[in-house]
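Chemist: Attaching a single structure in structure tokens format; questions to follow.
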Amino acid sequence: MRGELKPGDQLPTVRKMAQTLKVNFNTVARAYRLLDEAGVISTQHGRGTYILPVVTPYPDSCMEKLDELTRRYLLDASELGASAGEVLAIFQRNLKNWTDADESRSRQNESGSPNGGED
């Protein structure tokens, strides 16, 4: 168990990590819970535990606006009858599409061409 973990990497199960490190299951479970609460990892029931991206702090006003957008989004999803798992899956899919598009725009800007330098 050596190396550097990157955002999106999956961690072993609590049981597997405890066996590998030769520590008590409850110790690993508590560590995972604390890391989850701190926003370092995300545990998705039935899917696993993943490393979250490092969040760059934003000014308080921006964070407040994002917080309000998130509350409205969750309220709307609740009114539609969506489960937490469904909301998370849709959000993750859209976040991936958004970050992929952002990376594409960055490459285009670096090349100075709308086709990413493939003219």
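The values are calculated or read from the model by the stated rules, or taken from the named source; none is laboratory data. Remember, it's a predicted structure, so these values are computed and weren't measured experimentally. A quick note on method: Cβ atoms are made from the backbone with ideal geometry, for glycine too, and the neighbour counts reach across all protein chains shown.
Chemist: Step by step: first the residues of the range 1-13, then only those that are of a type in the set (A, V, I, L, M) and not in a strand (DSSP E or B), then the one that is nearest to the chain's Cα centre (by Cα). Which residue is that?
Modeler: By that ranking, first place goes to Leu5.
Chemist: Just one of the numbered conditions (1) surrounded by 10 or more Cβ atoms within 10 Å (Cβ to Cβ); (2) of a type in the set (A, V, I, L, M); (3) outside any helix (DSSP H, G or I) is not true of Val54; which one?
Modeler: With (1) surrounded by 10 or more Cβ atoms within 10 Å (Cβ to Cβ); (2) of a type in the set (A, V, I, L, M); (3) outside any helix (DSSP H, G or I) applied to Val54, the lone miss is (1).
Chemist: Looking for whichever is touching a Gly at 6+ places or on another chain (Cβ under 7 Å), free of Cβ contacts under 8 Å to residues at least 60 places away in the same chain and not basic (Lys, Arg) here; the options are Gln19, Gln10. Which one fits? First the steps, then the outcome.
Modeler: Numbers: Gln19 fails: touching a Gly at 6+ places or on another chain (Cβ under 7 Å).
Testing whether each residue is touching a Gly at 6+ places or on another chain (Cβ under 7 Å), free of Cβ contacts under 8 Å to residues at least 60 places away in the same chain and not basic (Lys, Arg) leaves just Gln10.
Chemist: Sticking with this structure for a sec: Just one of the numbered conditions (1) at pLDDT below 90; (2) in a loop (DSSP other than H, G, I, E, B) is not true of Leu66; which one?
Modeler: (2)
Chemist: Something else now. I'd like the full set of residues that are within 21 Å of Ala84 (Cβ to Cβ) and either assigned to a loop (DSSP other than H, G, I, E, B) or in contact with a Cys (Cβ under 6 Å, 6 or more places away or on another chain) (or both), limited to the range 14-45.
Modeler: Once the filter is applied, which keeps residues that are within 21 Å of Ala84 (Cβ to Cβ) and either assigned to a loop (DSSP other than H, G, I, E, B) or in contact with a Cys (Cβ under 6 Å, 6 or more places away or on another chain) (or both), the range 14-45 yields Ala38, Gly39, Val40, His45.
Chemist: Could you look through the range 83-119, keep only residues that are surrounded by 12 or more Cβ atoms within 10 Å (Cβ to Cβ) and in contact with an Asp or Glu (Cβ under 9 Å, 6 or more places away or on another chain), and pick out the one that is modelled with the highest pLDDT?
Modeler: Selected residue: Ser111.
Chemist: Also, I was wondering about something else. Does Leu74 satisfy the criteria of being of a type outside the set (Asp, Glu), assigned to a helix (DSSP H, G or I), at pLDDT 85 or above and loosely packed, with under 12 Cβ neighbours inside 10 Å? Lay out the reasoning, then the answer.
Modeler: Details: of a type outside the set (Asp, Glu): yes; assigned to a helix (DSSP H, G or I): yes; at pLDDT 85 or above: yes; loosely packed, with under 12 Cβ neighbours inside 10 Å: no.
In short, no.
Chemist: OK, next. Got a number for residues in the range 32-51 being surrounded by 10 or more Cβ atoms within 10 Å (Cβ to Cβ), at pLDDT below 90 and at positive phi?
Modeler: So the answer is 1.
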